[in-house]
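J.: Got a structure for you, questions after.
The values are calculated or read from the model by the stated rules, or taken from the named source; none is laboratory data. The model shown is predicted, which means the values in this text are computed figures rather than measured ones. Every residue, glycine as well, gets a Cβ built from its backbone with ideal geometry; the counts of neighbours run over all protein chains shown. Side chains included, ligands, DNA and RNA excluded: accessible areas come from the protein's heavy atoms. Shrake-Rupley method; radii C 1.70, N 1.55, O 1.52, S 1.80 Å.
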Amino acid sequence: MLVVQNLTKTFGGVHAVTDVSFAVTAGEMLALIGPNGAGKSTCFNMLGGQIRPDGGRILLAGTDISKATPRTICRLGVGRTFQITATFASMTARENVQTALTAHHRQTARVWQEADTLHVAEADALLAQVSLSAEAGRPAGILAYGDLKRLELAMALACNPKLLLMDEPTAGMAPAERAGLMALTAGLAQARGMAVLFTEHDMDVVFGTASRILVMDHGALIAQGDAAMIRADPRVRAVYLGTGFSSGGH
Amino acid sequence: MTALLIQLLTGLAGASTLFLVAAGLTVIFGVTRVVNFSHGSLFMLGAYIGWTILSRLPRDPGSFALGVLLTGLATSAIGSAVEMVLLRRIYKAPELLQLLATFGVVLILQDATQAIWGPADLTLPRGPWLRSAVMILGERFPLYDLILIATGPLILGTIWLLFARTRWGTLVRAATLDREMVSALGVDQRRLFTSVFALGAGLAGIGGALVLPQGSANLQMDLSVITDAFVVVVVGGLGSLTGAYLAAVLIGVLQALGIVLLPKATLVVVFVVMACVLIVRPHGLLGRPLTATRTDAAAIAPIRPATPALLWAAAALLVLAIAAPLIVGPFVLSVLTDITIAILFAASLHVLMGPGGMASFGHAAWFGLGAYGTALAVKSLAAPMPLALLLAPIAAGGVALVFGALVVRLSGVYLAMLTLAFAQIVWAVAFQWSDVTGGDNGILGVWPPAWAGPASFYWISLVLCVGGAILLRRALYAPFGFALRASRDSALRAEAIGLNPNALRLAAFTLAGSAAGLAGGLAAYAKGSVFPTTISVGHSVDALVMVLLGGVQTMAGPIIGAIAYTGLFDALLLATGFWRAALGACILAIVLLFPQGIAGGFNRPGVAGSVKRTI
Ligand SMILES: Nc1ncnc2c1ncn2[C@@H]1O[C@H](COP(=O)(O)OP(=O)(O)OP(=O)(O)O)[C@@H](O)[C@H]1O
Ligand SMILES: [Mg+2]
C-alpha cells in the first residue's frame, strides 16, 4: 500500500536520509530501527508530510504524496504519532480526541454547535481502546508522559487510518508498559486491518511485535527482513554490538 | 533626474537616523528577546536632552559632536536604569506582557518629558556650518545631510568591529544565536543584558540628537520612530545588524522617493515592500528562524465553560444593563454605551490573543476602519444607520482578510510588530488623506437618526455588542474554536489530524476584524464623530489592557476587563492630568504582580500550578 523509492534528504551538509527504498504491505507491523541520528524521524517526517524530501518518491496506494501537506496525507488515511508528543495542552484528553474526530468529519467550520457534545461516544470508545478512560476528563497538559503517548495514539486512530506511523511510541515508558502498549497496538492493527510502521529502541519490543524489520544507519537502509534475518545480519551486528566503533567505521 | 538623485541622498540621510534606532532595537532583541517598545522614547529623550545640552554649547562642529555624544551617554544611563529596575524582572514573562510593560514605560516617559520640557516643539538655533551646503549636479545639498549619510555606515562599522574584536562582542553574537548556550557558559547574563541595553539606548539617544538640526524635539516622535524602526527591524531580520542597515536604507529611500513620485501613497508603498520581503523571506532579509526559547502552549491552562453561578451573575448584570436607561442619567448612559462598545472591542481582540494565539498590537486598525467606514457611508453616501453600521464590519473584515493572509503565517513578535505597523499606516492614511477623511479634523456630524435617541441607541449598542460578544464566545466553544485553539496549542498535531492552522487563523483574524469594525461603527455614532486617534497605538493598547486585565485564558475575561478598564480610564481622566503616566504605572503594576498573566495569577492552583510537561 505504501511504496518508498530512493527517498533522500540533506540538512545543510548532513545526509540525514540517503536513497532509502522500502514498501509497507497492508496490515503488517513493520519496525524501523537504527541508532540515534540514523535518520528514522526524518523518514517519518517525509512520510507524514512534515518535511519535503529532496529526492525520491512516496507512493500511497499509487498516488505520489512526496509533495503533499500533512493534512492531505492525513485525509488519505495516514495517522501518526511524534517522537516528542504533540497534543493540545489546553484541552482535556477527551476534547483532544473529539477535536481529531471533528477534523476527520470535516466539521470544523461550525461556529454554533457546542464542540463538547460532538462525537462523545466515539471519543470515549477510542480512549477506552488505548486504556485511557480514567484520564478522559483531565487536561492533556498535566497527563503523565506515557498517557500522552496513548492519547496521541487515540488521536491518530480518530482519522481511521490505513497506515499508522509511530515514532518511538514507547520512549520514556517503563519496560512492562512498553510491551503492553505495543501488544495493544498490534491488536488494534489486526482488528482494523491497519498497517503500522514504528521506530523503537527496545530490541525486545521490536523482536516481539514486528513482523518485519528495516534497519537504518547513517541515513541509509542497511538491512531488511524478519527477526531471524536481522539478528544474523553482520552489518546490523556491527552497528548494534560494536556501537563504539561503528560510528567511526562509516 | 537631478531632483530624484537629491531626494535619494535625502533618503539616505534619513536612513542613518532610522538605522541608529533600529540597530539598538535589533541588538537588544537579539540578546534579550525583548521587543523594547520604549526604544522610541529613548530616541525622543535623546532629542530633548540633546536640545538642552546643545542650546547651551557654542555653535561650532566640535561642540556639536561633543553634545551629541554626551546625549548618547545620558540616554544610555536612562536605558540601563530602565533595564535594571524593570525589564530585568520580566525576562521570563510571556512576550506579550514584556511588550506591554515596555509600552507602560512609553506612557510614563511621555508624561515625564512633557512635564520637564513642556508641550511645545523645541527647535535648535543652527550655527553657520549647519546651514552650509555643497553643490551636487548644480543643486544645493545640505552639508549636514552628507554627514548624516556617512554616519550610518560609520556606526555600523564601529559596532561590527566591537562585535568582531572584543570578548563582549563575541558574547553578544553567541547570545543572539543561542541564548541557552551563553547561560551554559557561565557568563553573567545580567551584566551582558544591561550592557546591551546601554549600547542600544545610547544609539537611540544619539539618533534623537542628530535629527535636531533639521527637525525638532516633539512629543510625537517616540511612537512615529518606533513604528518605522519596527518595520526596519522586521524587514532586516530580527537580531541582524547588517539587515537593519539594509532595511533602513530601503525604507528611508522609499519614503524619500515616494514623497516625490507618489505623494499620496508613500505609506502604502512602504507597506507593500515590507509585505513582499516577508512573503519571499519570512524572517526578513538577513534574519534566521528564531530559536524557540519557551513553550507557551505548555503554560496555558485549559478553558472551562462558565459555572452556573457565573452564568446567573451574568444574567443579573444583563437585566440591569437592559433596565439602565430607565434608572441612570445621560452622562452615565453615555459611559454605559462606551462600555458596551469596549466589550465587543475587547472580546474581538481576545479571540486573536487567547484561542488564536496571535498577539495583535494594532487592533485599533479594525475599530478605526469600521468607524471611518460608517462615517464615510453617512457623509458621502447619506446611508441610513442600519446600512452604515453594516458597512463597518464589512470594511474592517475585508481589509483584515487581505492583511491577515499576509500575517497569519507569522508568529509571536513578528505578528505583534506587523499588526502595530499596519495600524500606524492606517492611522497615517486617516491623518494625511484629508480630502476624504478630514485629516486631523476628523469627520463630524455622524449622529443617529431622530428615532434613535440616547436610550434607544444604547439598547441598539447593547444588543449588537453584547450579542456580538456572546456569538464570538459561542464560536470559541464550537468546533471552530476548538480547532483554532488546537492550532495554537500544537500546529504540528493540528496539521497531522487534517486541520489547516493558517486558514483557521485567517478566519479568526477576519472574524475579529469585523467584530472590532462593528464596535468602531457604533463608536462613530455614539460620539457623533471620528478622529484619527481612534486608530492610535494608544487605542490598540487600550484593547490589550482590557484583555489582559480580565485574563487571556478566560472567556469572561475581556468583558470584565472592558468594564473595569473603561471605569478606571474615566476615573483617571477625571482625577489627574498625568493620566498617561498613571495608566503606564497601572500596566507596570499588572505585569510585575502577575508576570505570568492575570489568568495565571487567579487560576485555581490545581489547574494552573500543575500544567507542566516533561518534554
Ligand atoms: N531539522 C534538522 N536540521 C538539521 N539537521 C537535522 C534536522 N533534523 C535532523 N537532522 C539531522 O539528521 C540526522 C538524522 O536525524 P533523525 O532525527 O532523523 O534521526 P533518528 O534516527 O530519528 O534519531 P533518534 O533515534 O535520536 O530519534 C541527524 O544527524 C540529525 O542531527
Ligand atoms: Mg527520531
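J.: Could you state the accessible area per residue of the range A:90-160 in Å², with a 1.4 Å probe and every protein chain left in place? Numbers along the way, then the final one.
T.: Values: 2520 Å² over 71 residues.
Spelled out: the 1.4 Å probe surface of the range A:90-160, per residue, equals 35 Å².
J.: Might you tell me the accessible area per residue for the range B:2-280, computed with a 1.4 Å probe and given in Å²? Display every interim value, and only then the final one.
T.: On the way: 10830 Å² over 279 residues.
About 39 Å² of surface per residue is accessible.
J.: Let me ask another. Amide H to amide H under 5 Å from B:Val211: which residues, 5+ apart in sequence or cross-chain, H placed 1.01 Å off N in plane?
T.: Close amide H contacts, sequence-distant or interchain: none at all.
J.: Taking the Cα centre of the range A:90-160 as the origin, how large is its charge dipole in debye, to the nearest 20, when only Lys and Arg (+1) and Asp and Glu (-1) carry charge on their Cβ atoms? Intermediate results must be reported in sequence, preceding the final value.
T.: On the way: 6 positive and 8 negative charges, 31 e Å.
For the range A:90-160, the charge dipole is close to 140 debye.
J.: Now, a different point. At most 15 other Cβ atoms within 10 Å and a DSSP loop assignment: could you name the trypsin sites (Lys or Arg not before Pro) in the range A:69-108 that fit? All intermediate terms of the calculation are to be shown ahead of the outcome.
T.: Working: sites: A:Arg71, A:Arg75, A:Arg80, A:Arg94, A:Arg106; in loops: A:Arg106.
Qualifying residues, ordered by number: A:Arg106.
J.: Could you run the Karplus curve 6.51 cos²θ - 1.76 cosθ + 1.60 with θ = phi - 60° over the range B:476-490 and give me ³J(HN,Hα) per residue in whole Hz, x for Gly and Pro?
T.: Per-residue couplings from phi come out as 6, 8, 8, x, 4, x, 5, 5, 5, 5, 4, 5, 6, 4, 7 Hz.
J.: If one takes the accessible area of chain A alone plus chain B alone and subtracts that of the pair, with a 1.4 Å probe, what total in Å², rounded to the nearest 100, results?
T.: On the way: alone 11500 and 25970 Å², together 34190 Å².
Roughly 3300 Å² of accessible surface disappears when A and B pair.
J.: Can you list residues from other chains, or at least 5 along the same chain, whose modelled amide H is less than 5 Å from the amide H of A:Ala220?
T.: Result for A:Ala220 returns A:Thr18.
J.: I would also like to ask the following. So which lysines can A:Lys9 reach, going by Cα to Cα under 25 Å and dropping same-chain residues fewer than 8 places off?
T.: Of all the lysines, those that pass the test against A:Lys9 - Cα under 25 Å, at least 8 places apart if same chain - are A:Lys40, A:Lys67.
J.: Continuing with this model, one more query. Once Lys and Arg get +1 and Asp and Glu get -1 on their Cβ, which of B:Leu320, B:Leu418, B:Gly357 lies farthest toward the positive end of the dipole of chain B?
T.: With unit charges placed on the Cβ atoms, the residue in question is B:Gly357.
J.: Also, quick follow-up: Which ³J(HN,Hα) values, rounded to whole Hz and listed in residue order, are derived for the range A:54-59 from phi using the Karplus coefficients 6.51, -1.76 and 1.60 in 6.51 cos²θ - 1.76 cosθ + 1.60 with θ = phi - 60°, glycine and proline given as x?
T.: Running phi through 6.51 cos²θ - 1.76 cosθ + 1.60 with θ = phi - 60° gives 7, x, x, 10, 10, 9 Hz.
J.: Amide H of A:Phe198 versus every other amide H placed in the peptide plane: which residues, excluding those fewer than 5 positions away on the same chain, fall under 5 Å?
T.: Those qualifying (amide H under 5 Å, at least 5 residues apart or on another chain) are A:Leu30, A:Ala31, A:Leu32, A:Met166.
J.: With a 1.4 Å probe and every protein chain kept in, tell me what percent of the accessible surface of the protein assembly as shown is carbon plus sulfur.
T.: Values: 22750 of 34190 Å².
After summing per-atom areas, the C and S share lands at 67 percent.
J.: Return the average number of partner chain Cβ atoms within 10 angstrom of each residue Cβ along peptide A:133-139.
T.: Working: counts 0, 0, 0, 0, 0, 1, 8.
Across the residues of A:133-139, the mean count of other-chain Cβ atoms within 10 Å is 1.
J.: When the helix-only estimate is applied to chain B (DSSP H runs of n ≥ 4, each -39,500 (n - 2.57), divided by the residue count), what is the mean residue ellipticity at 222 nm, nearest 500 deg cm²/dmol? Before the final figure, lay out each step's value.
T.: Working: 27 runs with 448 residues, N = 615.
So the calculated ellipticity at 222 nm is -24500 deg cm²/dmol.
J.: Right, something else. Provide a whole-number value for the mean count of partner chain Cβ atoms within 10 Å of the Cβ atoms in peptide A:146-158. Let's see the in-between values first.
T.: Details: counts 0, 0, 3, 0, 0, 0, 2, 0, 0, 3, 3, 0, 2.
Across A:146-158, the average partner-chain Cβ count within 10 Å equals 1.
J.: With θ set to phi - 60° and the Karplus curve 6.51 cos²θ - 1.76 cosθ + 1.60, what are the ³J(HN,Hα) couplings of the range B:129-146 in order, to the nearest whole Hz, using x for Gly and Pro?
T.: 5, 6, 9, 6, 9, 10, 8, 10, 6, x, 10, 6, 10, x, 4, 4, 5, 5
J.: Using a 10 Å cut-off around each Cβ of peptide B:17-24, what is the average number of partner chain Cβ atoms that fall inside?
T.: Numbers: counts 0, 0, 0, 0, 0, 0, 0, 0.
Shielding by partners across B:17-24 averages 0.
J.: With +1 on each Lys and Arg Cβ and -1 on each Asp and Glu Cβ, and nothing else charged, work out how big the dipole of chain A is about its Cα centre, in Debye to the nearest 20.
T.: Numbers: 21 positive and 21 negative charges, 115 e Å.
Once rounded to the nearest 20, the dipole reads 560 debye.
J.: List the lysines whose Cα sits under 25 Å from the Cα of B:Lys92, skipping any in the same chain fewer than 8 residues away.
T.: Within the straight-line cut-off, B:Lys92 pairs with B:Lys612.
J.: Straight-line reach from B:Lys379: which lysines have a Cα under 26 Å away, not including same-chain ones fewer than 8 places off?
T.: Qualifying lysines at Cα under 26 Å: B:Lys264, B:Lys527.
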